[in-house]
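Contents: one structure, followed by commentary.
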Amino acid sequence: MKIFKPRALGFGLRLSGLGIGLPERRVTNADLQAMGAPMSADEMGKLTGITERRWAAPEQAASDLALLACREALTRSKRAPAEIERLVLGTVSPDHPSPSTACAVQHALGLGQVPAFDVSAACSSFVFALELAARSVATGEQAVLAAAVDVRSRYLDVSDRATVALFGDGAVAAVVERGPVGEGLIAIGVGSDGSGVKSVYVPAGGSREPVTAEAIAQKRHRLTMQDGPAVYLQAVDGMLDIAKQVLDSEGLGFDDVKLVVPHQANKRMLDRLARFAGLPPEKVVITVDTLGNTSGASCGLALERALSQGRVAPGEKVLLVAAGAGYTAGAALLSFDAPTIAATLRPPP
Amino acid sequence: MNVRAVVREVLEANVDDVPADDATPFVIPSIALVQVLEALETKLELRFAAKDLAQAQLDSVERLARFVVQRLA
């Protein structure tokens, strides 16, 4: 895996604005139980560490949530839509199989006729989008939107113990632009291992298995996770491995970062990551308890939450790390300047 | 160390209706299996990886104990 470092090209990149898009609807474990989930609310909470998650309204699609996130990112970065030269959107739950959800977002945002396209890296999607955006700015574009959105609730089978309690919906977006050398986006790496193609997947709905009445009857248009324990172990090992590679590339360790912002799969997985990385609990950002696993958007949502809560000071290093189905994994070493933090801070409720 | 006894103790702490007979297969829900594996890691100071589970059939005390012994070897 080649780790991308803007500094090696003689310049820097910064994330000048972060935005999020969350549905209003809160779904508690008791709500899931009432819908027919084969577990008690207590059991769901105990096994996953999740107490509630957000689900999109029936009329709300992935592009609607992505639009909210992109608009907020633009406002916070003080950028006009016309200044954005590319939109890279990570998702595995697009509005439609074709065309891209990014095109819907581009049109709704009023961007110019710039490249807008989807990338698919499951729960690593935001890091993959960020990496592509960084490379785009590095090769001459002025400002690029990197976003990720997932509406996994549409694919859930409420009778499936393995997945029903895990997933929530949400979106995140960041504006990537030029910045001071050695700050902002310091190093980023992404990788894939296709041995996990069927680790967490939706069997029907693609060219290998179109949706038919039979497929629907067998719930093959729903999300399935055949071997949860293996996925769980692989995801944590994948995050640890890529996080270490990115940190090593800078001669750093986990002790050198203020916060680690991991993919929010479930609380147990975050505890395992912290244990094997030797991280104290206060160093790991956790949003899974109230947002669930928002798939491609989850680590970005957690990053925005950390900034908005004032947990990061200017110049402090933050490690974003994710792993997902495929298998995929990505990590980014970041720092933020005072204007970005100030624009993201929210007053306490 | 009696690995089979440790496995039974961990299973009974995390899974309902563990059969009295070590060889009798039973269903361990996947999320509960994660708890079991983590508890075994802590108790036996080992670490499982996804590849360890590739061929493993973990549906009885006996099979789980055999799996742990192989990992400890």
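Some values worked out for this structure:
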quantity: Criterion violated by residue B:24 - all others in (1) within 13 Å of chain A (Cβ to nearest Cβ); (2) loosely packed, with under 14 Cβ neighbours inside 10 Å satisfied; calculated: (1)
quantity: Test result for residue A:217, modelled with pLDDT of 95 or more, open to solvent by 10 Å² or more (accessible area, probe 1.4 Å) and within 14 Å of chain B (Cβ to nearest Cβ); calculated: no
quantity: Conditions (1) more than 9 Å from chain A (Cβ to nearest Cβ); (2) at pLDDT below 85; (3) open to solvent by less than 30 Å² (accessible area, probe 1.4 Å): number failed by residue B:57; calculated: (3)
quantity: Evaluation of residue B:52 against (1) more than 14 Å from every other protein chain (Cβ to nearest Cβ); (2) of a type in the set (D, E, K, R); (3) in contact with a helix residue (DSSP H, G or I) (Cβ under 8 Å, 6 or more places away or on another chain) (one fails), failing number; calculated: (1)
quantity: Whichever residue in region A:234-251 is in contact (Cβ under 8 Å) with a residue 12 or more places away in the chain and over 19 Å from the mean Cα position of the chain (by Cα) and, among such residues, is farthest from the other protein chains (Cβ to nearest Cβ); calculated: A:250
quantity: Residue satisfying all of: in region B:40-49; open to solvent by less than 30 Å² (accessible area, probe 1.4 Å) and within 12 Å of chain A (Cβ to nearest Cβ); farthest from the chain's Cα centre (by Cα) among these; calculated: B:49
quantity: Matching entry among A:248, A:255, A:271, A:241 (being at negative phi and in contact with a helix residue (DSSP H, G or I) (Cβ under 9 Å, 6 or more places away or on another chain)); calculated: A:271
quantity: Of all residues in region A:133-165 being open to solvent by 40 Å² or more (accessible area, probe 1.4 Å) and within 14 Å of chain B (Cβ to nearest Cβ), the one that is modelled with the lowest pLDDT; calculated: A:161
quantity: Residue B:14 among the polar types (S, T, N, Q) and away from every other protein chain (no Cβ under 14 Å); calculated: no
quantity: Selection within region A:294-327 - open to solvent by 10 Å² or more (accessible area, probe 1.4 Å) and touching a strand residue (DSSP E or B) at 6+ places or on another chain (Cβ under 9 Å); calculated: A:305, A:311, A:316, A:317, A:324, A:325, A:326, A:327
quantity: Where residue A:346 falls short, out of the listed (1) open to solvent by 50 Å² or more (accessible area, probe 1.4 Å); (2) without any contact (Cβ under 8 Å) to a residue 24 or more places away in the chain; (3) in contact with a helix residue (DSSP H, G or I) (Cβ under 6 Å, 6 or more places away or on another chain); calculated: (2)
quantity: Selected residue (only one of A:120, A:124 is of a type in the set (Gly, Ala, Ser), open to solvent by 40 Å² or more (accessible area, probe 1.4 Å) and under 30 Å from residue A:32 (Cβ atoms)); calculated: A:120
quantity: Of all residues making up region A:328-337, the number that are more than 22 Å from residue A:295 (Cα to Cα) and either touching a Ser or Thr at 6+ places or on another chain (Cβ under 9 Å) or modelled with pLDDT under 95 (or both); calculated: 2
quantity: Residue identified as hydrophobic (A, V, I, L, M, F, W, C) and within 14 Å of another protein chain (Cβ to nearest Cβ) among A:231, A:211, A:190, A:202; calculated: A:231
quantity: Test set (1) out of contact with any Asp or Glu (no Cβ under 8 Å at 6 or more places or on another chain); (2) crowded, with 17+ Cβ neighbours inside 10 Å; (3) away from every other protein chain (no Cβ under 14 Å); (4) part of a loop (DSSP other than H, G, I, E, B) - residue A:181 fails condition number; calculated: (2)
quantity: Selection within region A:226-268 - among the charged types (D, E, K, R) and either within 15 Å of residue A:124 (Cα to Cα) or open to solvent by less than 30 Å² (accessible area, probe 1.4 Å) (or both); calculated: A:237, A:241
quantity: Single condition residue A:343 does not satisfy, out of (1) under 29 Å from residue A:46 (Cα atoms); (2) at pLDDT below 95; calculated: (1)
quantity: Hits in region A:323-343 (condition: in contact (Cβ under 8 Å) with a residue 60 or more places away in the chain and over 19 Å from residue A:13 (Cβ atoms)); calculated: A:323, A:324, A:325, A:326, A:327, A:328, A:329
quantity: Flag for residue B:29 being more than 12 Å from chain A (Cβ to nearest Cβ) and not aliphatic (A, V, I, L, M); calculated: no
quantity: Qualifying residue in region A:269-280 (condition: open to solvent by less than 10 Å² (accessible area, probe 1.4 Å), part of a helix (DSSP H, G or I), among the charged types (D, E, K, R) and touching a Leu at 6+ places or on another chain (Cβ under 7 Å)); calculated: no
quantity: Single unsatisfied condition, residue A:42 versus (1) at pLDDT below 95; (2) closer than 30 Å to residue A:336 by Cα; calculated: (2)
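The values are calculated or read from the model by the stated rules, or taken from the named source; none is laboratory data. Just so it is clear, the structure is predicted and the values come from calculations on it, not from any experiment. Neighbour counts are summed over all protein chains in view; Cβ atoms, including those assigned to glycine, are modelled from backbone coordinates with ideal geometry. Just the protein is used for accessible areas: all its heavy atoms, side chains included, with ligands, DNA and RNA removed. Shrake-Rupley method; radii C 1.70, N 1.55, O 1.52, S 1.80 Å.
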